[in-house]
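A.B. asks: Take this structure, written in structure tokens, and hold onto it; I'll ask about it next.
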There are 2 protein chains.
Amino acid sequence: MARIKTDKNISRKDVIVTKAASLFREKGFKAASMRDLAEAVGVEAASLYNHIKSKTELLHELCFSVANRFLQKIDEVEAEKIPAIEKIEKLLRFHINEMIHHYEEVYVSDREWKHLADPYLSNFQNQRRIYRKRFAAIIESGIRNHEVKKIDAPTAVLIMLHAISGIESWHRSTQKISAAELEENMVTILVGGLTQ
Amino acid sequence: MARIKTDKNISRKDVIVTKAASLFREKGFKAASMRDLAEAVGVEAASLYNHIKSKTELLHELCFSVANRFLQKIDEVEAEKIPAIEKIEKLLRFHINEMIHHYEEVYVSDREWKHLADPYLSNFQNQRRIYRKRFAAIIESGIRNHEVKKIDAPTAVLIMLHAISGIESWHRSTQKISAAELEENMVTILVGGLTQ
DNA sequence: ATAAATCGCTAACGCGTGTTAGCCAAAAAA
DNA sequence: TTTTTTGGCTAACACGCGTTAGCGATTTAT
């Protein structure tokens, strides 16, 4: 009998969720089996159900914990009294750092949310839509103030969010530049693309 | 008995491959079943096997037909005697148009190649790696000629390719700007981000 | 020390999967 | 018109999936 190891303040469920993120990222949600996950955790598949309700629950937890972090950040940024372009840069840097430091979770939330079931699915899609609208609104205010050049704001959002998800390639590449360099390069190119 | 309808020069296999692209895009490769595909084609699942070898073969065909189009294009662009920045813009516009007009195929090739099996998998990954290096080399030559600002070329490639895959969101959005506007906005932002 | 809760295990379930075998009608070739 | 090929069909296969039941050992609470 091989109990799941836990440190203080890390529940066995947390261990499972974390391993699930890694597995879902690697294989995709559908292709990752509970038996795979069990093996990664060091336990039999049935034992997982002492800690979780279902496979889908794992996906909920991952998707919404990520979504909540982003919503909280945009609340914070919107409230600040700084130029729009600085708000954009702050959000951008936040996204980049989330993708660098919470890679697996963020990636899974980004790519695998399709496999959520209603009502979680509609809920997640809504949150996403609203987030993008709020982001676009910041860009639009930047355009009105002539901080940002005249472009279609939703398209700009789409470019930025997807560009950031490209950090996936950075993670998997063998000859990585440093995280700090990556951040600076991305900000240079993306903020540069909006201004000037 | 409901035969698969075909026009001239479109084989029954082509019909299946096209429907497969649509289905794989919508549900993901693993989650899309052969019975789903059969229904979309208007036939029983077993009947599909009169035209194809396996489910994975469908993925091969999609992935490599897309990859070949991109490789052919970069061959063509590299051979031209024009400034690097114009080469970059040409590739960019090609990517954008591919994503606009062959959405399902390109999307599937981009997101579902993980489910290829060796030797196709390694093959595909190699082609991808080489393509990106060639793209980065063009950017680097642009930097040497001072057409492009000093940035990490692989990072620039990563941003551009992933930004383009964001056209997925455009396809699914209800209030679309026109394809032409989308293209111009993307080029403005991305080329603008490299130059300035 | 005793009781209760926690957390592993094995066995098994029902179901959906990709795929094959074998048959027969329609279409194409002779 | 006859023969051959094509392309449907039904039935079935072996397998992997998520999940549950029920048991016993270890840990925690009393």
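The values are calculated or read from the model by the stated rules, or taken from the named source; none is laboratory data. Bear in mind the structure is a predicted one, so any value in this text is a computation, not a measurement. So basically every Cβ, Gly included, is an ideal-geometry build from the backbone, and we count neighbours across all protein chains shown.
A.B. asks: Could you check the range A:1-25 and list, in sequence order, the residues that are more than 12 Å from DNA strand D (Cβ to nearest atom) and either within 14 Å of chain B (Cβ to nearest Cβ) or touching a strand residue (DSSP E or B) at 6+ places or on another chain (Cβ under 8 Å) (or both)?
C.D. replies: Within the range A:1-25, just A:Arg25 meets the criteria.
A.B. asks: Test each condition in (1) more than 21 Å from the chain's Cα centre (by Cα); (2) facing another protein chain (nearest Cβ under 10 Å); (3) touching a residue at least 24 places away in the same chain (Cβ under 8 Å) for B:Gln175 and report the one that comes out false.
C.D. replies: The one condition B:Gln175 does not meet is (3).
A.B. asks: Restricting the range A:178-196 to residues that are among the hydroxyl-bearing types (Ser, Thr, Tyr) and free of Cβ contacts under 8 Å to residues at least 60 places away in the same chain, which is surrounded by the most Cβ atoms within 10 Å (Cβ to Cβ)? Show your work before the answer.
C.D. replies: Keep residues of the range A:178-196 that are among the hydroxyl-bearing types (Ser, Thr, Tyr), which gives A:178, A:188, A:195.
Going one step further and asking which of them are free of Cβ contacts under 8 Å to residues at least 60 places away in the same chain, we end up with A:178, A:188.
Numbers: A:Ser178: 8, A:Thr188: 19.
Once the filter is applied, the top-ranked residue is A:Thr188.
Here is a yes/no grid of residues against (1) touching a residue at least 40 places away in the same chain (Cβ under 8 Å); (2) of a type in the set (A, V, I, L, M, F, W, C):
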residue	(1), (2)
B:Asn9	no, no
B:Leu23	no, yes
B:Phe29	yes, yes
B:Glu39	no, no
B:Leu48	no, yes
B:Glu61	yes, no
B:Leu71	yes, yes
B:Ile74	yes, yes
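A.B. asks: Would the range B:102-112 turn up any residue that is among the β-branched types (Val, Ile, Thr), in contact with a Phe, Trp or Tyr (Cβ under 7 Å, 6 or more places away or on another chain) and either outside the structural domain of B:Glu76 (by TED's automatic domain parsing) or in contact (Cβ under 8 Å) with a residue 40 or more places away in the chain (or both)?
C.D. replies: yes
A.B. asks: Another question, then. What about B:Lys53, is it more than 24 Å from A:Lys114 (Cβ to Cβ) and surrounded by fewer than 16 Cβ atoms within 10 Å (Cβ to Cβ)? Give the steps one after another, and end with the answer.
C.D. replies: On the way: more than 24 Å from A:Lys114 (Cβ to Cβ): yes; surrounded by fewer than 16 Cβ atoms within 10 Å (Cβ to Cβ): yes.
Here the answer is yes, as B:Lys53 does meet what is asked.
A.B. asks: Is it the case, given these coordinates, that B:Ile16 is among the aliphatic types (A, V, I, L, M) and in contact with a Leu (Cβ under 9 Å, 6 or more places away or on another chain)? Full working, then the answer.
C.D. replies: Working: among the aliphatic types (A, V, I, L, M): yes; in contact with a Leu (Cβ under 9 Å, 6 or more places away or on another chain): yes.
Yes, satisfied.
A.B. asks: For residues in the range B:178-192 being facing another protein chain (nearest Cβ under 8 Å) and of a type in the set (S, T, N, Q), which is farthest from A:Thr188 (Cα to Cα)?
C.D. replies: Once the filter is applied, the top-ranked residue is B:Asn185.
A.B. asks: Kindly indicate the residue of the range A:26-40 that is within 9 Å of DNA strand D (Cβ to nearest atom) and assigned to a helix (DSSP H, G or I) and also farthest from the other protein chains (Cβ to nearest Cβ) among those meeting that condition.
C.D. replies: Taking the range A:26-40 and keeping what is within 9 Å of DNA strand D (Cβ to nearest atom), we get A:29-38.
Pick out the ones that are also assigned to a helix (DSSP H, G or I) and you get A:34-38.
Values: A:Met34: 15, A:Arg35: 15, A:Asp36: 13, A:Leu37: 15, A:Ala38: 19 Å.
Checked the range A:26-40; the qualifying residue farthest from the other protein chains (Cβ to nearest Cβ) is A:Ala38.
A.B. asks: Okay, moving on. Please tell me if B:Ile52 is without any contact (Cβ under 8 Å) to a residue 60 or more places away in the chain and not charged (D, E, K, R). Steps first, answer last, please.
C.D. replies: Values: without any contact (Cβ under 8 Å) to a residue 60 or more places away in the chain: yes; not charged (D, E, K, R): yes.
For B:Ile52, the condition - without any contact (Cβ under 8 Å) to a residue 60 or more places away in the chain and not charged (D, E, K, R) - is met.
A.B. asks: Also: Let me confirm something: among B:Ala46, B:Ala32, which residue is among the small types (Gly, Ala, Ser), under 18 Å from A:Lys114 (Cβ atoms) and within 8 Å of DNA strand C (Cβ to nearest atom)? Talk me through it step by step, then tell me what you get.
C.D. replies: Values: B:Ala46 fails: under 18 Å from A:Lys114 (Cβ atoms).
After ruling out the rest, the residue left standing is B:Ala32.
A.B. asks: Taking the stated definitions as given, is B:Tyr107 within 10 Å of DNA strand C (Cβ to nearest atom) and either crowded, with 18+ Cβ neighbours inside 10 Å or more than 25 Å from B:Leu161 (Cβ to Cβ) (or both)?
C.D. replies: The answer is no for B:Tyr107.
A.B. asks: Taking the range A:151-172 as the search range and keeping residues that are more than 9 Å from chain B (Cβ to nearest Cβ) and free of Cβ contacts under 8 Å to residues at least 40 places away in the same chain, which one is surrounded by the fewest Cβ atoms within 10 Å (Cβ to Cβ)? Walk me through it before giving the result.
C.D. replies: Of all residues in the range A:151-172, those more than 9 Å from chain B (Cβ to nearest Cβ) come to A:153, A:171-172.
Pick out the ones that are also free of Cβ contacts under 8 Å to residues at least 40 places away in the same chain and you get A:153, A:172.
Numbers: A:Ala153: 22, A:Arg172: 9.
If we take residues in the range A:151-172 being more than 9 Å from chain B (Cβ to nearest Cβ) and free of Cβ contacts under 8 Å to residues at least 40 places away in the same chain, then A:Arg172 is surrounded by the fewest Cβ atoms within 10 Å (Cβ to Cβ).
A.B. asks: Hey, does the range A:76-94 have a residue that's in the same structural domain as A:Glu140 (by TED's automatic domain parsing), part of a helix (DSSP H, G or I), modelled with pLDDT of 95 or more and more than 19 Å from A:Ala137 (Cα to Cα)? Walk me through how you get there before you give the answer.
C.D. replies: Initially, the range A:76-94 is screened for residues in the same structural domain as A:Glu140 (by TED's automatic domain parsing), giving A:76-94.
Okay, now just the ones that are also part of a helix (DSSP H, G or I), so A:76-79, A:84-94.
From the residues that got through so far, the ones that are modelled with pLDDT of 95 or more too are A:76-79, A:84-94.
Then keep just the ones that are more than 19 Å from A:Ala137 (Cα to Cα); that gives none.
No, the range A:76-94 contains no residue that is in the same structural domain as A:Glu140 (by TED's automatic domain parsing), part of a helix (DSSP H, G or I), modelled with pLDDT of 95 or more and more than 19 Å from A:Ala137 (Cα to Cα).
A.B. asks: Against the conditions (1) within 30 Å of A:Ala136 (Cα to Cα); (2) of a type in the set (Ser, Thr, Tyr); (3) within 11 Å of DNA strand C (Cβ to nearest atom), where does A:Thr6 fall short? Just the number, please.
C.D. replies: (1)
A.B. asks: While we're here: For the range B:2-14, indicate whether the set of residues that are in contact with a Lys or Arg (Cβ under 6 Å, 6 or more places away or on another chain) and in a helix (DSSP H, G or I) is non-empty. Explain how you work it out, then say what you get.
C.D. replies: Residues of the range B:2-14 in contact with a Lys or Arg (Cβ under 6 Å, 6 or more places away or on another chain): B:4, B:6.
From what's left, in a helix (DSSP H, G or I): none.
For the range B:2-14, residues in contact with a Lys or Arg (Cβ under 6 Å, 6 or more places away or on another chain) and in a helix (DSSP H, G or I): absent.
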